Amino acid sequence: MSPIQGGAGSNVFSMFDQSQIQEFKEAFTIMDQNRDGFIDKNDLRDTFAALGRLNVKNEELEAMVKEAPGPINFTVFLTMFGEKLKGTDPEDAILHAFKIFDVEGKGFLKADFIKEKLMTQADRFSEEEVKQMFTAFPPDVRGNLDYKNLCYVITHGDEKD
């Protein structure tokens, strides 16, 4: 057992692998703006400011801090994420996003439709990024993209090797 997993009440560390714990630690360190080992309202305000959101209401910050059972040290931070992530499956989440557009439940979407959405919504894809995706996951002869297969490969890797 590694030192990070030992100790009474620290079973939250067993919910994640070492690389995930390291990623959470990096996120915690970024958010702990004053480097005191705890995330408080001022740290959250500073984190939002660093991300470009300057007018965060005090009530919003208080509500976030009140989600924790006490002062937010790294173990509490990790526990909160563990609770939020418990039972979530990345493949299910991605599939759900695609299913919103698949109103007929066919399991595929028109490649042109996907391209248009990827290039015009949220974190927009470039023409090159869409081309790379369609090279890795080519639409069928009718121009349909099998999004279930795409989701599987995104979350599990291409196991054909």
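The values are calculated or read from the model by the stated rules, or taken from the named source; none is laboratory data. Only a predicted model underlies this, so the values are computations on that prediction, with no experimental measurement involved. Heads up, the Cβs are rebuilt from the backbone with ideal geometry, glycines too, and the neighbour counts pull from every protein chain shown.
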Next item on the list: Kindly indicate the residue of segment 104-161 that is more than 21 Å from residue 90 (Cα to Cα) and of a type in the set (Asp, Glu) and also farthest from the chain's Cα centre (by Cα) among those meeting that condition.
Entry: 140
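Going through segment 28-42 one residue at a time, which ones are within 21 Å of the chain's Cα centre (by Cα), in a helix (DSSP H, G or I) and either surrounded by 14 or more Cβ atoms within 10 Å (Cβ to Cβ) or in contact (Cβ under 8 Å) with a residue 24 or more places away in the chain (or both)? Steps first, please.
Kept after step one, since they are within 21 Å of the chain's Cα centre (by Cα), are these residues of segment 28-42: 28-32, 39.
Subsequent filtering for residues that are in a helix (DSSP H, G or I) retains 28-31.
Answer for segment 28-42, where residues must be within 21 Å of the chain's Cα centre (by Cα), in a helix (DSSP H, G or I) and either surrounded by 14 or more Cβ atoms within 10 Å (Cβ to Cβ) or in contact (Cβ under 8 Å) with a residue 24 or more places away in the chain (or both): 28, 31.
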Margin query: Considering only residues that are within 28 Å of residue 154 (Cβ to Cβ) and either acidic (Asp, Glu) or in contact (Cβ under 8 Å) with a residue 12 or more places away in the chain (or both), which ones fall in segment 48-84?
Written below: 77, 78, 79, 80, 81, 82, 83
Check: Out of all the residues in segment 71-82, is one or more assigned to a loop (DSSP other than H, G, I, E, B) and either assigned by TED's automatic domain parsing to the domain that holds residue 20 or modelled with pLDDT of 85 or more (or both)?
Finding: yes
Note to self: Contact list please: Cβ distance under 7 Å, first residue in segment 104-115 and assigned by TED's automatic domain parsing to the domain that holds residue 145 and surrounded by fewer than 14 Cβ atoms within 10 Å (Cβ to Cβ), second residue modelled with pLDDT of 90 or more and not in a helix (DSSP H, G or I), pairs at least six apart or on different chains.
What the structure shows: 112/143
